[in-house]
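Reviewing the structure listed below.
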Amino acid sequence: MNRVKQKTCVITGAALGIGRACALHLADEGANIAVFDRLDEAGNTLVKELQARGVNARYWHVDVTSEKNVQVAMAETAEHFGGIEVLVNNAGIAGVNKPTHEVTEAEWDLVQSVNVKGVFFCTKHAIPFMKKAGRGSIINLSSIYGLIGAPDSPPYHASKGAVRLMSKTDAMIYAPDKIRVNSIHPGFIWTPMVENHLRGTGAADIDAARAEVGKLHPLGHIGEPDDIAWGVVYLASEESKFVTGSELVIDGGYTAH
Ligand code: NAP
């Protein structure tokens, strides 16, 4: 119940999917929750749900591609809750799914700006508050697509590979400050992102497409947002106090091939 007691956790892209599950589980473990997203309605609904459970939670409209937006929201979060101890860099987009030679510069840049620059901005502006607190945990959502190749979504693969190494570099830079930085590598998890991705492939029967993708995982099915949120709770808690620069793979065995 109290694995993350009274730590203030910033979760980007928390309105839906994996981010939402992280907010709910971290809150159940005693954390204060700062929801950063650009989906105001869903973000505010989540905060009301958390507050109804007695959780200290607040929503900020944040587009992680805007440094000013991120900087102001981090400062307001620290002011409101009295500090920041945990950052979950979860906001991400899948981007276009077409071969490299057909991807435009704008399509490439869009994915890098959310998935890579967004992680950079949020990390940059959370670190001063973690230094002040004398501790911190940064959890970056990479992907199995940041570990191994697949013949699709080239900008997404590049972005998630970058996040994997940004995590290791920051782990080394900030270890003396007792700030830990780790990446999580989910397999396919049933969220709006994956549903939209499957619809984008022209799948007529979405349940059949879901089952087909599930077969790529040795455990035989797609994961749930909760499967990732439990990993986030572990990395946010003191149970992982000796863990930094590591890759937590939660993929139903996808990368065990
Ligand atoms: P999702 O269902 O699409 O939810 C992502 C959330 O992030 C949405 O609320 C989205 O809002 C928000 N967001 C997107 N761009 C943003 C921005 N610029 N600023 C602020 N918020 C933004 O995605 P998900 O499946 O939960 O994925 C969460 C993370 O896990 C992503 O980093 C993803 O790459 C990673 N991941 C997911 C899977 C999977 O199978 N689902 C697998 C591996 C890794 P909008 O709707 O407005 O974009």
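Of the helices (runs of 4 or more DSSP H) lying entirely inside the range 34-132, those carrying at least 3 residues that are of a type outside the set (Ser, Thr, Tyr), surrounded by 18 or more Cβ atoms within 10 Å (Cβ to Cβ) and in contact (Cβ under 8 Å) with a residue 40 or more places away in the chain are 67-81.
Among all positions in the range 178-189, there is at least one residue which is more than 18 Å from the chain's Cα centre (by Cα), more than 16 Å from the ligand (Cβ to nearest atom), at pLDDT 95 or above and not hydrophobic (A, V, I, L, M, F, W, C). Go through the range 141-157 residue by residue and tally those that are surrounded by fewer than 23 Cβ atoms within 10 Å (Cβ to Cβ), within 12 Å of the ligand (Cβ to nearest atom) and either part of a strand (DSSP E or B) or of a type in the set (Gly, Ala, Ser) (or both). Number of matching residues: 2. Exactly one residue among LYS160, LYS215 is touching a Gly at 6+ places or on another chain (Cβ under 6 Å) and either within 16 Å of the ligand (Cβ to nearest atom) or within 25 Å of ILE84 (Cβ to Cβ) (or both), and that residue is LYS160.
If you scan the range 218-249, which residues turn out to be within 16 Å of the ligand (Cβ to nearest atom), charged (D, E, K, R) and not in a loop (DSSP other than H, G, I, E, B)? Of everything in the range 218-249, those that are within 16 Å of the ligand (Cβ to nearest atom), charged (D, E, K, R) and not in a loop (DSSP other than H, G, I, E, B) turn out to be ASP226, ASP227, GLU247. The number of residues in the range 83-105 being away from the ligand (no atom under 14 Å from the Cβ), touching a strand residue (DSSP E or B) at 6+ places or on another chain (Cβ under 7 Å) and not charged (D, E, K, R) comes to 3.
Identify, please: which residue in the range 200-211 is assigned to a helix (DSSP H, G or I) and away from the ligand (no atom under 13 Å from the Cβ) and is, among those, farthest from the chain's Cα centre (by Cα)? Checked the range 200-211; the qualifying residue farthest from the chain's Cα centre (by Cα) is ALA208.
The values are calculated or read from the model by the stated rules, or taken from the named source; none is laboratory data. Everything numeric in this text was worked out from a predicted model, so none of it was measured. Heads up, the Cβs are rebuilt from the backbone with ideal geometry, glycines too, and the neighbour counts pull from every protein chain shown.
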